[in-house]
Structure formats: structure tokens, C-alpha cells
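Written below as C-alpha cells is the structure these notes are about.
The values are calculated or read from the model by the stated rules, or taken from the named source; none is laboratory data. Note that the coordinates shown come from a computational prediction; the quantities given were computed from them, not determined experimentally. Methodologically, a virtual Cβ is constructed for each residue, glycine included, from the backbone with ideal geometry; neighbour enumeration extends over all protein chains shown.
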Amino acid sequence: MLFENRKQLFVLLLPALFILTLLTLYPIVNVVYNAFGEVDFVTKQYTFVGFANFIELFDDFFFVGAIKNTFTFNVVASLSQVLLGLWLALLFYRQFPGRRFALPIIIYPMMLSTLVCSSIWRSWYHYDFGLLNSLLVSIGLPAQGWLFDPNMALYAIALVDTWQWTPMAFLIILAGLQSIPKDIGEAAMVDGADGWRSFVYITLPLIQKQLMLALLLRSIDTFKLFDKVYVMTGGGPGNATETLSMFVYKYGFRFFNLGMASAAALVMLSISLIMTLVYAKKVLGGNR
């Protein structure tokens, strides 16, 4: 054996355990600690307040709005990315001329830095000089206030996120399609199943795990959205695009209210954990 006893394994794992504790466990414990208190940045004094931060949090109009914005973005962006990823995976599952050249182009947006991607789309969304409004005007349609219209700004950011991260869902689902034995599809064709029935009753059940994995990863990522909002709108106009992450940032680093920021972060963590457990139960339950 490579390792004679468990002590050697434990010694080798110590650096990873130390990093995990330092970068993951300690921040979580610290957030829980601060969520139930108030911290004076001048005197460094901590005062325990119990659930007062949470009560104030859910009475805050902006926090409730941030929750609504976050879930709206989460549903719109995640479902769009998985559905588009499924469509692209079905398209690229078959051989067609130029496939080897089209595949890197599809994946390219995912390789860009989020800040670069957001800056590019912010210039495209510019009301007077942006590419999108120039195209609309050229065909006789009115220019749109992509990032200035409260009813449109959140969906405009969701479009950017979908453009950048659909390739991730696409690759996961394509891997699932390629793992399906070809003789299953051939047997279905012999039995008289057409393309649609074969897709609904055979293909979809066989790639259910990949679909759920793609949905889980994208849901968690879109739920903690911050960078695109910070670069493109800063949470505006008004609070139309303010997400939970942006709310935590404002209270923690602008208002220096560490108790409220930690309470909001703990709510985010709890919701993310619940989402993860639901998805995991759904996937693992299918194995029984």
C-alpha cells in the first residue's frame, strides 16, 4: 500500500484541512456570531442583541425587495441557461459541417472574466451609442433604456448572465447525452418511436441527473449574483436590481452595519443550503 497507516493520511490532509478551516469554517462561524450582535467599529465593542437584527431585516423594505429581485433573477437566468444548454447539447450531439469550429465559439463567453463580460455588455446597452439600440433604430424600432428602465434592468442583466454561463449547462448536458448507449436509441426506433417520443420518454429520463446538476450549479451561482450588478447598475435604478449580495455589501462596507450584513448573509447561506439539499434529495432519490 502507498500509505501504511491512517496517521500518514491525516498528516497529508492537514494543509487542506487548515485552509478549509481558515477560509470556510471560520468565516461562517464569524458571520453567525456577528448576526446576533452589534459591532462598534470605533471601540470594537460587541453587544449581543439576539434576533433583533433578523426582525429589523425582514421589516426592511429594501431587504424584501432584494429577496424578490434575487429569486426573480435566479429563476429567469437558471431556467434560461439550462433550457438553452439543452437545446445546444441536442444540436451539437449530432455531427454537422463546421461543428469543430462552432464548439469553441459557443464555449468562449464562459472563458471571459465576469468584469470584462459585464463591461462589454454595458457598452452594448448604452442608450445613445450602444450596439443594441443602434440595431433597433436601424430597423425602425425605438431605443430602449436597458439598464435605466426599472422594469427591464434586472432582465437585461439576466441576459448577460445567460450569454456567459449557458455554455456550462451545455457542456454538462452534452456529456450526459454522450453517455447514453446508442443501442437504446436504435431499439426505440425499431419499436416505432418517433424523435419526439424518444426524446421525452428515453433521452430526458436518462439525462435527468445532468439536468439537475446543471440547474443546481447555475441556481447557486445566480443566487449569489453580485459582480454583474456592481459593474452594470450598482443596484439601480432605485433598487430594481439590488440583490441579496448587493444588500450585504452595502450594509457591511458602506453603512458599516456588520450585524445587519451578517444577518442577511446568514439568510443567504440558509436559503442556498436548502436549495442544495432539495436538489441533492431529488438526484439521490432517483438512484433508489
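Helices (runs of 4 or more DSSP H) fully within the range 71-177 that include at least 2 residues being β-branched (Val, Ile, Thr) and either over 25 Å from MET275 (Cβ atoms) or at pLDDT 95 or above (or both): 99-111, 114-124.
Every condition in (1) more than 26 Å from ILE106 (Cβ to Cβ); (2) of a type in the set (Ser, Thr, Tyr); (3) in contact with a helix residue (DSSP H, G or I) (Cβ under 8 Å, 6 or more places away or on another chain) is met by SER123 except one, and the failing one is (1).
Evaluation of GLU56 against the conditions (1) over 22 Å from the mean Cα position of the chain (by Cα); (2) exposed (fewer than 15 other Cβ atoms within 10 Å of the Cβ); (3) within 29 Å of TYR230 (Cβ to Cβ) shows that the sole unmet condition is (2). When ALA102 is tested against (1) within 24 Å of LYS228 (Cα to Cα); (2) among the aliphatic types (A, V, I, L, M); (3) surrounded by fewer than 19 Cβ atoms within 10 Å (Cβ to Cβ), exactly one condition is not met: (1). Considering only residues in the range 244-258 that are touching a residue at least 12 places away in the same chain (Cβ under 8 Å) and among the hydrophobic types (A, V, I, L, M, F, W, C), the one that is farthest from PHE58 (Cα to Cα) turns out to be PHE256. Taking the numbered list (1) modelled with pLDDT of 85 or more; (2) in contact with a strand residue (DSSP E or B) (Cβ under 9 Å, 6 or more places away or on another chain); (3) surrounded by 11 or more Cβ atoms within 10 Å (Cβ to Cβ) in turn, GLN45 passes all entries but (3). Against the list (1) within 27 Å of PHE148 (Cβ to Cβ); (2) surrounded by fewer than 16 Cβ atoms within 10 Å (Cβ to Cβ); (3) hydroxyl-bearing (Ser, Thr, Tyr), the condition SER179 fails is (1).
In the condition set (1) surrounded by 14 or more Cβ atoms within 10 Å (Cβ to Cβ); (2) at pLDDT below 95; (3) over 19 Å from LYS282 (Cα atoms); (4) β-branched (Val, Ile, Thr), VAL190 is compliant with all but (1). Restricting to the range 256-283, and then to whatever is farther than 22 Å from LEU217 by Cα and of a type in the set (S, T, N, Q), can you tell me which residue is modelled with the highest pLDDT? Restricting to residues being farther than 22 Å from LEU217 by Cα and of a type in the set (S, T, N, Q), the top hit is SER262. Just to be sure before I move on: is SER219 within 19 Å of the chain's Cα centre (by Cα), at pLDDT 90 or above, small (Gly, Ala, Ser) and surrounded by fewer than 18 Cβ atoms within 10 Å (Cβ to Cβ) in the structure I sent? In short, no.
Close contacts from the range 259-287, counting a first residue that is β-branched (Val, Ile, Thr) and a second that is at pLDDT below 85, with Cβ to Cβ under 9 Å and a gap of 6+ residues or different chains, come to none at all.
Residue count for the range 222-239 satisfying the condition of being surrounded by fewer than 18 Cβ atoms within 10 Å (Cβ to Cβ) and at positive phi: 2. All of LEU22, LEU83, LEU9 fail the test of being on the phi < 0 side of the Ramachandran plot, free of Cβ contacts under 8 Å to residues at least 12 places away in the same chain and surrounded by fewer than 11 Cβ atoms within 10 Å (Cβ to Cβ), apart from LEU22.
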